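Novice: Sharing a structure here in structure tokens format.
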Amino acid sequence: MNFNSSALIQVADYFKVLSELSRLQVLCSLKSGSKNVTEIMEETGLGQANVSKHLKILAQSGIVSRTPQGVSVYYEIVEPFIFDLCELVSDRLSIRLQEQSQQLKQLEGLRGSEPIKASQKNSKAKAKSYA
């Protein structure tokens, strides 16, 4: 995979849009279908100004579309592969956590059953300094 600098900038900008928790919450709310701001607020618990701000950013990046219907505007996901991307990242994080957990268990096994307490360390250090 070779990317030139301008392509990498666009990729970085795309990931910046996805790097905000509230935007991911908005996207998860839209996964089940198009919604207006009020419906998104009810599902996410976010305030109106916050939801509107994030929807504007998501729409500008082309991730969601906006469709006026009467007095409301409905938003829907244009690029549903985002959930595949989130799933891929979640799977990778899960694997990494499992690996770290196994490493921790191995380290605990090397240490023995009882960790050395700070007071025991100080006693041993003092004993060595008197010897």
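Values quoted throughout were computed directly from the atomic coordinates according to the rules given, and no laboratory measurement underlies them. Predicted model, so just to flag it, every value in this text is computed and none were measured. Methodologically, a virtual Cβ is constructed for each residue, glycine included, from the backbone with ideal geometry; neighbour enumeration extends over all protein chains shown.
Novice: With the Cα gyration tensor of region 5-79 giving a ≥ b ≥ c as the square roots of its eigenvalues, does the rule (a/c under 1.5 for rounded; else a/b larger than b/c for prolate; else oblate) give rounded, prolate or oblate?
Specialist: Prolate, since a/c reaches 1.5 and a/b exceeds b/c.
Novice: Hey, another quick one. List the residues, sorted by chain then number, that are 5 or more residues from Val78 or on another chain and whose placed amide H is less than 5 Å from its amide H.
Specialist: Residues meeting the amide H criterion: Val64, Ser65.
Novice: Also, I was wondering about something else. Would you please give the residues with an amide H less than 5 Å from that of Val73, counting only those at least 5 places away or on a separate chain, with H modeled from the backbone geometry?
Specialist: Val37
Novice: Starting from the Cα of Gln48, step 7 Å along the direction of its Cβ; do the same at Phe3; then give the gap between the two resulting points in nm.
Specialist: 3.9
Novice: What's the ranking of 95-105, 12-22 by average number of surrounding C-beta atoms within 10 Å, highest first?
Specialist: Output ranking for 95-105, 12-22: 12-22, 95-105.
Novice: Moving to a separate point now. Give me the number: length gained by fully extending Ile95 to Ser34, i.e. 0.36 nm times residue separation minus the C-alpha to C-alpha distance, one decimal in nm.
Specialist: 18.7 nm
Novice: Using θ = phi - 60° and the Karplus relation 6.51 cos²θ - 1.76 cosθ + 1.60, list the HN-Hα couplings for region 28-39 in order, rounded to whole Hz, with x at every Gly or Pro.
Specialist: Residue by residue, region 28-39 yields 4, 5, 7, 4, 7, x, 5, 8, 9, 4, 4, 5 Hz.
Novice: Lys and Arg at +1, Asp and Glu at -1: add these up for the other residues within a Cβ distance under 13 Å of Leu46 and post the number.
Specialist: -1
Novice: In addition: At a Förster radius of 41 Å, what calculated FRET efficiency corresponds to the Cβ-Cβ distance of Lys105 and Gln69, to the nearest 0.05?
Specialist: Once the sixth-power term is evaluated, E becomes 0.15.
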